[in-house]
Amino acid sequence: MLSALIWIPLLGALGLALWPGSLGSAQARHLALATATAALGVTAVLLVQFDPQGVTGQMEEYIPWLLPIGLNYHLGVDGLSLPLVVLNSFLIWITIYSTDPNIQRSRLYYGLILVISAGVAGAFLAENLLLFFLFYEVELIPLFLLIAIWGGPRREYAATKFLIYTALSGVLMLGAFLAMAWLAGTPNFTYSDLQQADFSLGAQTFLLITLLIAFGIKTPLVPLHTWLPDAHVEASTPVSVLLAGVLLKLGTYGMLRFGLGLFPEAWAQMAPWLAVWAVISVLYGSFMAIAQRDIKKMVAYSS
């Protein structure tokens with residue numbers, strides 16, 4: 001069932017790309033909506049079958065993949081990831097439905113949105129750190145293209161800035177993940193196994209700071225936020241909804257899942273500083289939102 005949330009959108013995107021002959025904008029929209037509806041239906045079944053009393057991952061799927069480097073196809077869902085998976089499926093449907101039916105290059109547009117749906121769902125469900133990184137990066141190029149092709153007058157600048165910031169986030173995150181395996185002395189990136197690893201407090205603090213910067217870019221937190229107003233303003237309204245509603249949540253999810261989940265001792269020591277950082281970001285965003293005359297900039301800063 002968890003794999004269906006990844007493969008249904010991917011197959012829908014593949015169908016749009018390989019559809020024989022011409023495919024009108026309305027037809028592409030209907031196909032994309034049907035795909036999103038199917039994924040939303042699977043999400044509803046997942047929501048019904050989920051046991052809220054469970055404290056560990058449920059409905060896990062495991063397929064050995066690249067064992068020498070510790071990369072496995074390992075999925076699971078728990079109380080932290082489930083609401084975000086539901087949110088992703090719902091807002092993908094909203095994004096497709098609210099798009100102009102006559103949008104240009106509709107097959108590419110809807111295909112990119114479906115690829116983002118698969119990447120985000122995979123990231124929220126991944127139980128392997130390298131698998132999470134792969135899915136985290138999957139949404140990078142589609143969103144870049146959605147801004148660069150269908151965005152506003154400064155779309156190239158906004159898309160490039162988004163690409164650079166998000167790529168830096170991915171590099172820092174991957175570096176922290178590789179350092180965890182090196183310090184643990186084994187090429188094992190399974191989340192539950194790394195929770196049992198005995199990292200010193202100094203190592204925890206260093207790795208946590210690296211992850212906080214990586215995911216702070218994606219959240220984003222001040223002063224790592226400067227890509228967001230440009231991306232929000234230049235993106236089309238449906239893509240902006242997707243950006244604020246789902247994609248930014250990857251940053252906060254990563255902080256909680258990997259920062260708090262893997263380094264609780266370092267997190268406890270840094271909690272007062274994290275609270276100060278959060279308050280600064282909230283106040284800065286609020287004052288900037290109040291000062292805006294452009295509604296999309298106001299949404300960007302309030303986000």
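The values are calculated or read from the model by the stated rules, or taken from the named source; none is laboratory data. Owing to the predicted nature of the structure, the values given are computational and were not obtained by experimental measurement. Neighbour counts run over all protein chains shown; Cβ positions are idealised from the backbone, glycine included. Keep in mind that these areas ignore ligands, DNA and RNA; they rest on the heavy atoms of the full protein, side chains included. Shrake-Rupley method; radii C 1.70, N 1.55, O 1.52, S 1.80 Å.
Looking at region 144-154 only, could you name the residues that are touching a residue at least 24 places away in the same chain (Cβ under 8 Å) and either among the aromatic types (Phe, Trp, Tyr) or under 15 Å from Leu108 (Cβ atoms) (or both)?
Quick first cut of region 144-154, residues touching a residue at least 24 places away in the same chain (Cβ under 8 Å) only: 145-147, 149-154.
Result: Leu145, Leu146, Ile147, Ile149, Trp150, Gly151.
Matching residues to (1) open to solvent by 10 Å² or more (accessible area, probe 1.4 Å); (2) more than 20 Å from the chain's Cα centre (by Cα); (3) within 20 Å of Leu250 (Cα to Cα); (4) not acidic (Asp, Glu):
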| site | (1), (2), (3), (4) |
| --- | --- |
| Leu143 | no, no, yes, yes |
| Ile147 | no, no, yes, yes |
| Trp150 | yes, yes, no, yes |
| Arg154 | yes, yes, no, yes |
| Ala159 | no, no, yes, yes |
| Leu163 | yes, no, yes, yes |
| Leu168 | yes, no, yes, yes |
| Pro187 | yes, yes, no, yes |
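Does any residue of region 262-282 turn out to be open to solvent by less than 50 Å² (accessible area, probe 1.4 Å), in contact with a helix residue (DSSP H, G or I) (Cβ under 6 Å, 6 or more places away or on another chain), within 25 Å of Val171 (Cα to Cα) and outside any helix (DSSP H, G or I)? Yes, region 262-282 contains at least one residue that is open to solvent by less than 50 Å² (accessible area, probe 1.4 Å), in contact with a helix residue (DSSP H, G or I) (Cβ under 6 Å, 6 or more places away or on another chain), within 25 Å of Val171 (Cα to Cα) and outside any helix (DSSP H, G or I). Put simply, of Met180, Met173 the only residue that is within 19 Å of the chain's Cα centre (by Cα) and either modelled with pLDDT of 90 or more or in a helix (DSSP H, G or I) (or both) is Met173.
Considered as a group, the residues in region 283-298 that are over 19 Å from Ile217 (Cβ atoms) and aliphatic (A, V, I, L, M) include one that is most open to solvent (accessible area, probe 1.4 Å), and that residue is Ile290.
In region 1-116, counting only helices (runs of 4 or more DSSP H) that sit wholly within it, the ones holding 3 or more residues that are surrounded by 16 or more Cβ atoms within 10 Å (Cβ to Cβ) and more than 20 Å from the chain's Cα centre (by Cα) span 25-49.
Remark: pairs (first residue in region 59-76, over 16 Å from Phe132 (Cβ atoms) and modelled with pLDDT of 85 or more; second residue of a type outside the set (D, E, K, R) and in a strand (DSSP E or B); Cβ separation under 6 Å; 6+ apart in sequence or on different chains) = Met59/Val77; Pro64/Asn72.
So that you can scan it fast, the table gives a plain yes or no per residue for (1) part of a helix (DSSP H, G or I); (2) open to solvent by less than 40 Å² (accessible area, probe 1.4 Å):
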residue	(1), (2)
Ala203	yes, yes
Leu207	yes, yes
Phe215	yes, yes
Val222	no, yes
Val241	yes, no
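Do the conditions hold for Ile149, that is, is it farther than 30 Å from Gln58 by Cα, in a helix (DSSP H, G or I) and of a type in the set (A, V, I, L, M)? Yes. Considering only residues in region 123-137 that are in a helix (DSSP H, G or I) and over 9 Å from the mean Cα position of the chain (by Cα), the one that is surrounded by the fewest Cβ atoms within 10 Å (Cβ to Cβ) turns out to be Leu134.
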